[in-house]
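One structure is given below, encoded as structure tokens.
The values are calculated or read from the model by the stated rules, or taken from the named source; none is laboratory data. Remember, it's a predicted structure, so these values are computed and weren't measured experimentally. Quick reminder, even Gly has a Cβ in these numbers, built from the backbone with ideal geometry, and neighbours come from all protein chains shown.
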Amino acid sequence: MTFNKKYLALAMAAILTVGCSSDEKEGLEDGTQGTDASTSGYSDGSMSGSQFGSGNGFGSGSGSHLGPEFSDPKNPLSKQVIYFELDSSQVKQDYVPVVAAHARYLASHPNQRVILAGNADERGSSEYNIALGEQRAKSVERMMRSQGVGANQLEIVSYGEEKPAVSGSGESAWQQNRRVEVGYQ
């Protein structure tokens, strides 16, 4: 059954990519209408703000092919999860340095590939959450591409609400599920 859900989610993402307009505002994560899930930007790209979150190992395998900087908690490369606000696909200022660090690493390692896996919390329709997860991953992709990362190094996938990092129905769980995971291949 899980196997079929993955294919269904990918098929729905493809359909939504072709069929949805960028100004559609219904079926949001919290079940309300009218909040914009803008992907238009991220602040000025400055390197201020603190870094939160830590990678859960998504897509990184054993990590043996990655350098020690990926396991140093003081290095932004050790953070492989970018968190988002409710119904938003705009990269929060706190995570701009994390995305920039991964972009610098990827630009200097042109044979390295990553999967940017977008996720949403359980609120809202499945279709909306797949689309929102994709928009979140695309926001991170745009930031990385603008910093010299090649298109062939980045793969986008959206799991919507299908792969929660934390189970539960409350803000503490939901905020951990609104994310993009940077998975090194």
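Annotations
- Against the numbered list (1) at pLDDT below 95; (2) more than 19 Å from Ser158 (Cβ to Cβ), Gln93 comes up short only at (1).
- Residue match in the range 113-131 (condition: at positive phi, surrounded by fewer than 17 Cβ atoms within 10 Å (Cβ to Cβ) and not aliphatic (A, V, I, L, M)): no
- If the condition is being polar (S, T, N, Q) and either within 15 Å of Arg136 (Cα to Cα) or in a loop (DSSP other than H, G, I, E, B) (or both), then the range 160-185 contributes Ser167, Ser169, Gln175, Gln176, Asn177, Gln185.
- Residue count for the range 165-185 under the criterion of being free of Cβ contacts under 8 Å to residues at least 60 places away in the same chain and surrounded by fewer than 22 Cβ atoms within 10 Å (Cβ to Cβ): the result is 8.
- For the range 79-136, residues that are among the polar types (S, T, N, Q), outside any loop (DSSP other than H, G, I, E, B) and touching a helix residue (DSSP H, G or I) at 6+ places or on another chain (Cβ under 8 Å) total 2.
- Among the candidates Arg123, Arg136, Arg145, Arg113, the residue that is farther than 19 Å from Asn177 by Cα and touching a residue at least 40 places away in the same chain (Cβ under 8 Å) is uniquely Arg113.
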